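This report refers to the structure that appears directly beneath it.
The values are calculated or read from the model by the stated rules, or taken from the named source; none is laboratory data. In this text the structure is predicted, and so the values were computed from the model without any measurement. Cβ placement follows ideal geometry from the backbone for every residue including glycine, while neighbour counts extend to all protein chains displayed. We work out accessible area using only protein heavy atoms, side chains counted, and drop any ligands, DNA or RNA first. Shrake-Rupley method; radii C 1.70, N 1.55, O 1.52, S 1.80 Å.
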Amino acid sequence: MQTARSLIALFALASGAAFAAPAGEVTHVSGTFLATRADGTARVLAPRSTVEEGELLTTADNTYARVKFSDGGEITLRPNSRLQIEAYRFDEKKPEGDSFIVSLIKGGLRSITGLLGKRRADSYNMRTPVATIGIRGTHYGALLCQADCGGLATAAAQVPRDGLHVDVADGAISLTNGAGQTVLAQGSFGYVPDAQTVPLQVPPTQGIVVPIAASGARPGAGALSAAAPGSPLAEDCVAQ
C-alpha cells in the first residue's frame, strides 16, 4: 500500500511538472528563433509559441524576437543573443513564491518589468558574466559586448568597449558584482568592464541606448523599435 501511495505521489509531481503553465509566449519574431531544452533538443519558435522555464533562447543573425511573460513583463532580444530562463515562478495569488531569474549569455536585449518584478523587486535577477541586474519597476536595455559590438556605436560614435552596457528608460536598476553595487536611475547609463570592477555610471556620451530595431528594416519585416531613456518602448512591431 505504501509503495502504491509513493507511486501515486510521484506521478502527481511528474504530472504537475509536465503540465506547468508556460513562462511566456513569443509575440514577435523577424527571423530564426530557437529554444533549446536541458536535454539538448531544440525547436523553432514563431509568434504564439510558448517558452518554458529552463530553456535557452537563441536569436540568429538579423533576428529580433519579443517574449511576453505570463506576469505581463516583456523581453526583446537582439540578433545573435542567448538568454537562459533559469527560473520562472508566477502565481497572481501567491506573490511570496515569485521568482524570475534569467541569464544573458551573449548579445543584448530590452526588458520591461511585469507584475512579478513590481510587487517583489527582489524576486527579479538578470545575470550576466560580469554583474547581476536587479530592478525597481523598470524598462532598461542591456548589451553584453564580447568583441562582437563592432556594428554599434555610443552617443560619441565610438564602438562600445567589451563588457556590460545598460541604459535605464524608466524606473531604476542595480548593478551588482563581487566588487560592489551601483544604482542607476531613469535616464542613466552604466558600464561594467568585468566581474572584478565596481559597476560604473557613465556620462551619456559614453553610453548606448541598446537598439532593438534593424537599421533600414522594411516596414512589416517584424523589426522592433528601441526607445530612448525616459520614453516608453515603441509598439510599432509587426508579427510575422
Legend entry - Unique match (being touching a Phe, Trp or Tyr at 6+ places or on another chain (Cβ under 7 Å), of a type in the set (A, V, I, L, M), in contact (Cβ under 8 Å) with a residue 12 or more places away in the chain and within 27 Å of GLY97 (Cα to Cα)) among ILE173, ILE112: ILE173
Legend entry - Neighbours by Cβ (under 6 Å, 6+ apart or cross-chain): first from segment 83-103, free of Cβ contacts under 8 Å to residues at least 24 places away in the same chain; second open to solvent by 50 Å² or more (accessible area, probe 1.4 Å) and part of a loop (DSSP other than H, G, I, E, B): GLY97/ASP91
Legend entry - Count of residues meeting criterion [closer than 22 Å to LEU45 by Cβ and outside any loop (DSSP other than H, G, I, E, B)] in segment 84-118: 20
Legend entry - Condition met for VAL209 (in a strand (DSSP E or B) and closer than 24 Å to ARG136 by Cβ): no
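Residue-by-condition table, conditions (1) open to solvent by less than 60 Å² (accessible area, probe 1.4 Å); (2) within 19 Å of GLY107 (Cα to Cα); (3) hydrophobic (A, V, I, L, M, F, W, C):
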residue: LEU152; (1), (2), (3): yes, yes, yes
residue: VAL168; (1), (2), (3): yes, yes, yes
residue: GLY171; (1), (2), (3): yes, no, no
residue: SER174; (1), (2), (3): yes, no, no
residue: GLN181; (1), (2), (3): no, no, no
residue: LEU184; (1), (2), (3): yes, no, yes
residue: SER188; (1), (2), (3): yes, no, no
residue: VAL192; (1), (2), (3): yes, yes, yes
Legend entry - Selection from segment 20-67 of residues that are under 20 Å from PHE100 (Cα atoms), hydrophobic (A, V, I, L, M, F, W, C) and at pLDDT 95 or above: VAL26, ALA35, VAL51, LEU56, LEU57, ALA65, VAL67
Inset, instruction - Those residues that are assigned to a loop (DSSP other than H, G, I, E, B) and open to solvent by less than 10 Å² (accessible area, probe 1.4 Å), I need them from segment 57-83; list them, please. - result: THR63, GLY73, SER81
